[in-house]
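Comments concern the structure below.
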Amino acid sequence: MNKKSFLDLTVFDSNSLREIIKLSDKLSRERFLLGDVLKQKIIALIFLKHSTRTRVSFEVAIRELGGSAIFLGRDELQIGRGEPIKDTARVLNGYVHGIVARLYGHDSLIELAKYSSVPVINALTDYNHPVQILADLLTVYQEFKTFKVKWAYVGDGNNVARSLVEAASIIGFELYIASPQGYELEDEFKEKYRNFDFIKFTNDPILSVKDASVIYTDTWISMGQEEEKEKRISDFKNYMVSSQLFSYAKDDAIFLHCLPAYRGLEVSEEILEGERSRVFKQAHNRLHTEKALLWSIYSGYLSDKILLK
Ligand code: CP
Ligand code: NVA
């Protein structure tokens, strides 16, 4: 495995995570600040699931850093016909300088990284979504000039929720995760965070949102769960982020959603389109944070400090 691979947020400590977010903030004002660190570098984007934000923001980030991207969807690759990921990794090693991968099982990502001599960046698995949380942190930092406000995530105990918990444990912000019974994060995961008393897991959405500054949700039906749609809609019905639920938050609270959003399910139209919503800024921040991440991997400038902790 290449030591610069980015599979989850735990490669960061608190200082290095803050540092990358502050660099991203600068990039949001000065888009070409970092030069062409990816000059003559080609990055493969393996996407076995759909994507709008992650795919486009990575492609733009790679190009703006002077590199080129090759998009490889499920239908383009022999993976779609059963070629093992470890063989794909060893073939791509000879062609490209990095791989951004969106896969189903997290084990496949670990296998890909294990057999890759080039850096592998996690673009979402069923288990986690660390590059999303970089953009979320930037959005909160830009709004409040600190990360240390109360965050409430209301919804499925899924990939986004896991990466949020990781971020909270690294930076030390208060985080409530409120999920319906049967959709909580698994006990084994929660056990790892038992000693972090500022991270709370509950079934009570009102308790989670009370006096929070950041209200966050995600789809109730993640990619790969389409067959459970009807049951999930019924089981999650009391967890919509509506104006009523939002009224328990602080007056200056903001609404975040990684998108795509399903109006009338996990969030009401009124909240998504309302004046406290920052979802499009959050989506735009994907570009700045991914550029900072790529730059830190390929420039070597931050690698000793951040990625090889
Ligand atoms: N939030 C996010 O990762 O969006 P995409 O699925 O469109 O990439
Ligand atoms: N939890 C969602 C996130 C989409 C960006 C999914 O995995 O489909």
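The values are calculated or read from the model by the stated rules, or taken from the named source; none is laboratory data. Here the structure is a predicted model, which is why all the values come from computation and not from measurement. Don't worry about glycine lacking a Cβ; one is built from the backbone with ideal geometry, like all the others, and counts go over all protein chains shown. The protein model used for the area step is the full one, side chains on, heavy atoms only, and it has no ligands, DNA or RNA in it. Shrake-Rupley method; radii C 1.70, N 1.55, O 1.52, S 1.80 Å.
Descriptive notes on the structure:
- Cβ-defined net charge surrounding Ala167, 13 Å radius [Lys, Arg +1; Asp, Glu -1]: -2
- Under-5 Å amide H pairs with Val267, H placed in peptide plane, nonlocal only: Val241, Tyr262
- Rg [Å, one decimal], Dmax [Å, integer] - the chain, C-alpha atoms: 18.8, 55
- Folded to 0 to 90 degrees: helix 159-171 orientation relative to the chain principal axis, Cα: 90
- Accessible surface for segment 55-165, divided over its residues, is 35 Å² per residue with a 1.4 Å probe.
- Chain lengthening between Val56 and Asp87 when straightened (0.36 nm per residue, less Cα-Cα): 8.5 nm
- Once the Cα gyration tensor of segment 252-305 is diagonalised, semi-axes √(5λ) in Å: 33, 11, 8
- The chymotrypsin sites (Phe, Trp or Tyr not before Pro) found in segment 46-100 that occupy coil by DSSP, while having at most 14 further C-beta atoms within 10 Å, are Tyr95.
- Neighbour-limited loop hits for trypsin sites (Lys or Arg not before Pro), segment 124-164 (at most 11 other Cβ within 10 Å; DSSP other than H, G, I, E, B): Lys145
- Hits among lysines - C-alpha to C-alpha of Lys22 under 19 Å, sequence gap 8 or more where chains match: Lys145, Lys148, Lys281, Lys291, Lys305, Lys309
- Label-zone membership for segment 154-197, site Arg18, 7 angstrom Cα→C-beta point, backbone N under 15 Å: 168-174
- Taking max minus min of the alpha-carbon positions on each principal axis, segment 198-309 gives extents of 48, 38, 28 Å, largest first.
- Acute angle (nearest 10 degrees) that the helix 14-29 long axis makes with the longest principal axis of the chain, alpha-carbon atoms: 80
- The chain - percent relative contact order, Cα under 8 Å, separation 6 or more: 22
- Heavy-atom accessible surface of the chain: percent carbon and sulfur, 1.4 Å: 47
- Loop-resident sites, segment 176-242, for trypsin sites (Lys or Arg not before Pro), counting at most 13 other Cβ within 10 Å (DSSP): Arg194
- Secondary-structure-derived ellipticity at 222 nm for the chain, considering helices only, amounts to -11500 deg cm²/dmol, per-run term -39500 (n - 2.57) for DSSP H runs with n ≥ 4.
- Once the Cα-Cα distance is subtracted from the 0.36 nm per residue extended length, the Met1 to Arg29 segment shows a gain of 6.6 nm.
- Helix 53-64 axis, angle to the chain major axis (alpha carbon atoms, nearest 10°): 40
- Principal axis dimensions, segment 113-202 - Cα atoms, whole angstrom, descending: 40, 35, 23
- Other residues lying with their Cβ under 11 Å from the Cβ of Glu186 contribute a combined charge of -1, Lys and Arg counting +1, Asp and Glu -1.
- Taking each residue as 0.36 nm, the span from Asn238 to Arg63 lengthens on full extension beyond its C-alpha to C-alpha distance by 58.7 nm.
- Within a Gaussian network of the chain (alpha carbon springs, distance under 10 Å), most fluctuating of Thr289, Thr202, Thr217: Thr202
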